[in-house]
1. Taking θ as phi - 60°, what are the ³J(HN,Hα) couplings along segment 186-199 by the Karplus curve (6.51, -1.76, 1.60), each to the nearest whole Hz, with x for Gly and Pro?
2. Could you please tell me the mean projected area of the C-alpha convex hull for segment 129-215, averaged over all directions and given in square nanometres to one decimal?
3. Could you sort 232-244, 271-283, 254-266 so that the peptide with the highest average Cβ count within 10 Å comes first and the rest follow in order?
4. May I ask which residue of Ala259, Ile284, Ala232 lies farthest towards the positive end of the charge dipole of segment 189-367, with charges of +1 (Lys, Arg) and -1 (Asp, Glu) on Cβ and the Cα centre as origin?
5. Which pairs in the list Lys144/Lys331; Lys144/Lys211; Lys127/Lys326; Lys164/Lys350; Lys218/Lys326 are over 30 Å apart, alpha-carbon to alpha-carbon?
6. Starting from the residue with the highest accessible area, list Thr344, Thr306 in decreasing order, probe 1.4 Å.
7. With +1 on each Lys and Arg Cβ and -1 on each Asp and Glu Cβ, and nothing else charged, work out how big the dipole of segment 162-206 is about its Cα centre, in Debye to the nearest 20.
8. If each of Arg217 and Ser179 carries a label point 7 Å out from its Cα toward its Cβ, how far apart are those two points in nm?
Amino acid sequence: MHKMKVKRYIAGDAQEAMLKVKSELGNNAVILHSRKIRRPGIFGVFKKPLVEMVAAIEENSEKKTIHPIEQNNKIGKVFQSDPNKIDELHNQVGSIHALLNDVLNRMDSMEPSKDGQGLKKDEIYEKYLTLLIQNDVDHNLSEKILSIVKKQMSFSKENEEAIKNAIRIKIREYLGQPSPVEEAKDQQKIIVLIGPTGVGKTTTLAKLAAKLSINGRKSVGVITADTYRIAAVDQLRTYSEILGIPLKVVYEAQEMKNALSNFKDKDIILIDTAGRNHKNSEQIEEVKQLIGPIENPEIFLVISATTGYKDIKNIVSSYDFIKDYKLLFTKIDESSTKGNILNTRILTGKNLSYLTIGQSVPDDIELANPDRIANSIVGEKNE
Ligand SMILES: Nc1nc2c(ncn2[C@@H]2O[C@H](COP(=O)(O)OP(=O)(O)OP(=O)(O)O)[C@@H](O)[C@H]2O)c(=O)[nH]1
Ligand SMILES: [Mg+2]
């Protein structure tokens with residue numbers, strides 16, 4: 001493409017604008033674009049609009065550029081006299097077209113936005129979009145949150161604290177209230193922990209058992225259905241001995257009813273299950289068999305905070321046969337971001353419950369704190 005000089009002219013009407021173009025750029029100038037624009041300022045609305053004209057001329061070239069107005073008259077002649085010229089014309093029109101698009105794009109980005117904030121609007125939007133995504137909030141969800149906040153206030157540098165706060169409040173609202181183990185007065189509570197392998201189900205169960213029996217003064221019984229690994233039963237037996245909580249081992253799904261009736265007198269029964277590979281449908285089917293006969297179980301889906309969102313989505317969908325469950329995130333101490341907690345909460349619509357923050361039984365467990373999660377996602381240091 002030839003090097004072109006592009007200039008923008010503002011005039012009272014089109015004729016005046018054309019004269020300006022002609023006198024500065026000469027007869028060979030090409031009008032790329034012309035449109036009516038409002039005069040700046042609040043009174044501009046009542047005044048006659050101005051005409052904006054963008055014109056171009058080829059720099060340092062002796063080749064004649066055909067003026068679009070002349071084109072109309074000449075084109076027939078050109079076509080008749082020299083068909084080869086058509087190609088040249090096509091090329092010229094093509095390059096003008098490309099140039100025009102480029103100029104229009106640039107003009108668009110120069111244009112002040114409706115709220116008068118100019119480019120700053122996009123700057124702040126992009127800044128927070130990047131921040132949310134860096135904190136592992138799903139891209140679509142990040143855009144959704146920002147577009148909601150954008151409807152509430154103008155995006156400008158001066159407004160930044162308010163914008164950040166509105167984002168935080170929206171996230172906080174999405175996270176909802178965490179839901180701990182429900183206190184059932186005269187009813188026995190049966191809690192089941194399910195989830196992928198190695199996420200910390202058994203450790204978390206020991207933490208919950210300790211908290212409920214020591215702080216909650218409940219009588220607790222523990223059942224393990226994890227007989228896949230010899231060490232798994234030993235692991236739980238060690239905890240139950242330390243905590244003084246009785247343990248029953250269930251080797252087959254049919255034994256579950258029996259184990260449960262053994263603990264008829266307990267306030268709370270905690271059931272540990274073997275870690276299941278969510279990609280193995282047979283293993284997932286076994287979970288179904290195991291929890292099927294339990295009346296009103298309170299199910300916690302245990303997910304490690306270090307798991308990527310793509311895998312979390314697969315895990316969640318493999319457990320979609322369970323109507324009601326709570327989300328429990330482990331290994332928060334090993335994860336640098338909290339976005340997945342928000343993503344998973346939105347994806348499933350299930351309540352958050354506890355977070356675990358280390359390996360120590362029973363201390364490293366806490367009720368999820370939505371304010372702190374939201375603070376962390378918007379990048380507050382003192383989350
Ligand atoms: N850093 C950290 N490690 C944890 C946390 N919770 C559990 N772990 C560790 O994760 C490892 C696996 O924990 P388990 O409780 O055996 O996990 P599980 O889900 O029962 O594993 P399977 O029964 O094999 O599916 C152990 O080394 C735990 O100490 C946590 O909150 N933070
Ligand atoms: Mg286990």
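The values are calculated or read from the model by the stated rules, or taken from the named source; none is laboratory data. On a predicted model such as this, the values are computed, not experimentally measured, just so you know. Cβ coordinates were reconstructed from backbone atoms using ideal geometry, including for glycine residues, and neighbour counts include every protein chain displayed. All accessible areas refer to the heavy atoms of the entire protein, side chains included, with ligands and DNA or RNA removed. Shrake-Rupley method; radii C 1.70, N 1.55, O 1.52, S 1.80 Å.
1. Here the 3J(HN,Hα) series is 9, 10, 6, 9, 10, 10, 10, 9, 10, x, x, 5, x, 7 Hz.
2. Answer in nm², one decimal: 9.3.
3. 271-283, 232-244, 254-266
4. Ile284
5. Lys144/Lys211; Lys127/Lys326, as the Cα separations exceed 30 Å there.
6. The residues order as Thr306, Thr344, largest area first.
7. Roughly 320 debye, rounded to the nearest 20.
8. Rounded to a tenth, the inter-label distance reads 2.8 nm.
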